[in-house]
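Undergrad: Quick one: the structure is below, questions incoming.
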Amino acid sequence: MDLDKLKTIADVDVGGKLVLVRADLNVPVADGKVWDATRLERLLPGLKDLSARGARIVVISHFGRPKGSSDPELSLRRVAAKLGDLLGAPVQFVSDCVGEETEAAVAALKPGEIAVLENLRFYAGEENDDAEFAAKLARCGDIFVNDAFSAAHRAHASTVGLTRELPSYAGPLMIEEINALRSVLDNPTRPTAAVIGGAKVSSKIPVLKHLLSKVDKLIIGGGMANTFLLSHDVVIGKSLAEPDFVETAREIMAAAKDRGCAVVLPNDAVIAREFRAGTAHAVVPTLAVPADAMILDVGPKSVAHMKDVLKECKTLLWNGPLGAFEISPFGEGTFALAHEAAALTKAGALVSVAGGGDTVAALNAAGVTDDFTYVSTAGGAFLEWLEGRELPGIAALIGAQR
């Protein structure tokens, strides 16, 4: 993808025009209330800008997995109300996303007004990138703006199909996410480090292989580090690991050596016999894990070494926790390294970009999210970008702008 050819909505005359904005309103809802509005908050500057420029704004999004049929529990009505609260302005909710009544409601919008259409995934044509469904959606807009980087890895009607129907542009949040990732992967200030954690090597193999040619230091933590320890014939007791991927871990280590990328693995660990909050635990060298114990976090010596690695670097990419951070006290390693990255960032010594659902949750738990240079709210799209894959939603925008 030639990202330099990606056109934004910033300089387009939108006055009086229907601007169809593909947003990501897929936020957590419990007991009828939005309990994490981060994705909505990220959209506010772009929506306010369009409104101030006189656009008639039509927001479209998916919500959950209704599998092509209407489900009242997965209606966007409550999310639309929350968006209105955050904007401090009325947001009209339209109870369908296509059809004559929807088109009439949209046509009645005045400059500066905003409407949210019903869940796109109530129609199978959304996920199938059905041309007829995309054409129906397009009747609700004069211009299409994709501002949902987190959905850009899906070739759906609202991310790809609409680019065949309307003049298409990238929204400010889309550009923000892309620029953040380019800053750490395409033209970073070196030396560069990546912290890659999580439970399984198998889910991160493409990421690890792609990053070997992009970073100078690769810090591996979480359950996946146990598989790498196994590849060094280290006994890890009852710890989570993937023995079937030991050879893959060895291949990654060999490739890293060939490319001059230093791999950092834990040299001590926090262990326990049970996986529950408050259980008895201890710190041991990774070479001395008891046969009946589990590694549940990196140890203090490992954290100290990882902090030293970050101090040597100018750019950091983070995806995945270093331990079972959801259960106390097994988040201390992740939190300590996150605080170090945040402090270095605040001091102007480090550019730090993080993303992925568990990563965001861990940084929130550590209280440092706002201190990182950028924290992406994307999940699958973030990972696929780290794998070096082309994202259909972005490729479609670029193709439509040629």
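Only the coordinates and a few stated rules stand behind these numbers; no lab work does. In this text, all values refer to a predicted model and were calculated from it rather than measured experimentally. Positions of Cβ are generated from backbone atoms using ideal geometry, with glycine treated the same way; all protein chains shown enter the neighbour counts.
Undergrad: Would you mind ranking 251, 177, 242 by Cβ crowding within 10 Å, fewest neighbours first?
TA: Values: 251 15, 177 27, 242 18.
Neighbour counts put them in this order, fewest first: 251, 242, 177.
Undergrad: Which one of 90, 170, 76 is farthest out on the positive end of the charge dipole of segment 71-213, using unit charges on Cβ (Lys, Arg +1; Asp, Glu -1) and the Cα centre as origin?
TA: 170
Undergrad: Please turn the phi angles of segment 74-91 into ³J(HN,Hα) values with the Karplus equation 6.51 cos²θ - 1.76 cosθ + 1.60 (θ = phi - 60°), one per residue in order, whole Hz, x for glycine and proline.
TA: Couplings: 10, 6, 8, 4, 5, 5, 4, 5, 5, 4, x, 4, 5, 6, x, 8, x, 10 Hz.
Undergrad: Please state the charge dipole magnitude for the chain, taken about the Cα centre, from unit charges on C-beta atoms (+1 on K and R, -1 on D and E), reported in debye and rounded to the nearest 20. Walk me through the numbers before you get to the answer.
TA: Numbers: 41 positive and 51 negative charges, 121 e Å.
That gives a dipole near 580 debye.
Undergrad: What is the distance in Å between the Cα centres of segment 1-53 and segment 173-191?
TA: Using only Cα atoms, the two centres lie 20 Å from each other.
Undergrad: Rounded to the nearest 10 degrees, what's the angle between the helix 300-312 long axis and the longest principal axis of the chain, both from Cα atoms, 0 to 90?
TA: 60 degrees
Undergrad: Something else: May I ask you to evaluate 6.51 cos²θ - 1.76 cosθ + 1.60, the Karplus curve with θ = phi - 60°, for each residue of segment 325-336 and list the ³J(HN,Hα) values in order in whole Hz, giving x for glycine and proline?
TA: So the J values, rounded to whole Hz, are 5, 5, 10, 5, x, 8, x, 4, x, 4, 5, 5.
Undergrad: Across segment 140-157, in residue order, what do the Karplus-derived ³J(HN,Hα) couplings come to in whole Hz, using 6.51 cos²θ - 1.76 cosθ + 1.60 with θ = phi - 60° and x for Gly and Pro?
TA: Once rounded to whole Hz, the list reads 9, x, 9, 9, 10, 10, 8, 10, 10, 4, 5, 10, 6, 8, 9, 8, 10, 4.
Undergrad: Go ahead and set up a Gaussian network model of the chain, Cα springs under 10 Å, then flag whichever of 277, 365, 193 fluctuates most.
TA: Its mean-square fluctuation being the largest, the pick is 277.
Undergrad: So what's the angle, to the nearest 10 degrees on a 0 to 90 scale, between helix 222-231 and the longest Cα principal axis of the chain?
TA: Helix 222-231 sits at roughly 50 degrees to that axis.
Undergrad: Which values, in whole Å and largest first, are the semi-axes of the equivalent ellipsoid of the chain obtained as the square root of 5 times each eigenvalue of the Cα gyration tensor? Don't jump to the answer; show the numbers that get you there.
TA: Working: eigenvalues 358, 95, 73 Å².
Semi-axis lengths for the chain are 42, 22, 19 Å.
Undergrad: Please report the net charge: other residues with Cβ closer than 10 Å to the Cβ of residue 135, K and R +1, D and E -1.
TA: Values: positive: 136, 139, 164; negative: 130, 132, 165.
My count for the surroundings of residue 135 gives 0.
Undergrad: Mind checking segment 94-130 for GluC sites (Glu not before Pro) that DSSP puts in a loop (not H, G, I, E or B) and that have at most 12 other Cβ atoms within 10 Å?
TA: On the way: sites: 100, 101, 103, 113, 118, 126, 127; in loops: 113, 118.
Loop-located and lightly packed - none at all.
Undergrad: Could you rank the peptides 23-33, 197-207 by their average count of other C-beta atoms within 10 Å per residue, with the highest value first? Kindly include the intermediate steps, with their values, before the conclusion.
TA: Numbers: 23-33: 15.9, 197-207: 19.3.
With the highest mean Cβ count within 10 Å placed first, the list reads 197-207, 23-33.
Undergrad: Relative contact order for the chain: what is it in percent, counting Cα pairs under 8 Å that are at least 6 residues apart?
TA: Relative contact order of the chain: 16 percent.
Undergrad: In Å, the Kirkwood hydrodynamic radius of segment 188-371 over pairs of distinct alpha carbons? Don't jump to the answer; show the numbers that get you there.
TA: Details: mean 1/r = 0.0619 Å⁻¹.
After inverting the mean inverse Cα-Cα distance, the result is 16.2 Å.
Undergrad: On a 0 to 90 degree scale, rounded to 10, what angle separates helix 38-52 from the longest Cα axis of the chain?
TA: Helix 38-52 sits at roughly 30 degrees to that axis.
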